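Computed from the coordinates by the stated procedures, all read-outs in this text should not be read as laboratory data. Predicted model only: the values in this text are computed from it and were never measured. Note: ideal-geometry Cβ built from the backbone for every residue, glycine included; neighbour counts use all protein chains shown.
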């Protein structure tokens, strides 16, 4: 960018590398966090991480806009890159020693390792429905995102600052929800919080195709997004804590990688499908379909009590794997 040599191909390559690195980082960070935190402290830790995520999402775009205005786009990208370097330095300063990786047999193979992670995920009675629920919910929400940009800036004629406000302000709902998760869990129990927040986060997108014009429309959008992100802020730490407990240490990174790869692939497919549907039935029609799909994802939650309770899951690999019963939260 600084030398006027930036090409579309370079952007695509950077995007692919960034996505691959993000998948690896997410999988490794989940496994490492589980090793660092005692089971009784995991919900609070995940809640704090979720809060930090929503704060960065809400503060990042305004700060980025200010930096672009003051320093220019190229300098802002350099600052962004340095922030990732600072993150790596911070991780490097973790003092608690990491546990040694599990021993690998002479016949161990990368392909078989990945297959073992997939098999464990799909055979677990609690993780399997949560996995398919996440795919449908996350895909539906990503389908909504570009459609809302068209609706707000084109159909409703909102000003760019109003669009930015509608994108940033609801993130405070995620902050509030994540901070309340430990309290709600102590009051109502993990299973109830997981299911109720999982349903609550699906009810808001159906309001978006009904958005009127003017200030009232902006209020509807902000309210719907605030409700969705508040519910997601409660759901995500509870779900992450359950997935940690339900997954043996040897499979944490494998399950995390499989989950992340499928989620990103599904979201990309939903975004493309959303554009095709919008071309056929209009933006509001596509938003209505996305809202219905989002609500349908609640049907895929693990409603049977046995699915969220401890139980033996057959080992998906030839190596011995601890039963989830030894590290599973109470339903």
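Key figures for this structure:
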| read-out | value |
| --- | --- |
| Candidates 230, 270, 49: whichever shows maximal mean-square fluctuation once the chain is modelled as a Gaussian network with Cα springs under 10 Å | 49 |
| Residue order, fewest to most beta carbons within 10 Å, for 12, 266 | 12, 266 |
| Residue order, fewest to most beta carbons within 10 Å, for 14, 175 | 14, 175 |
| Coarse-grained scattering of the chain at q = 0.15 Å⁻¹, given as base-10 log I(q)/I(0) from a Debye sum over alpha-carbon atoms | -1.44 |
| Candidates 298, 115, 279: whichever shows maximal mean-square fluctuation once the chain is modelled as a Gaussian network with Cα springs under 10 Å | 279 |
| Amide N proximity, segment 49-82 versus residue 89 label position 7 Å along Cα-to-Cβ, cut-off under 12 Å | 82 |
| Value at 222 nm in deg cm²/dmol, rounded to 500, when DSSP H runs of n ≥ 4 in the chain each add -39,500 (n - 2.57) | -24500 deg cm²/dmol |
| 304, 42, 95 arranged by Cβ crowding within 10 Å, fewest neighbours leading | 95, 304, 42 |
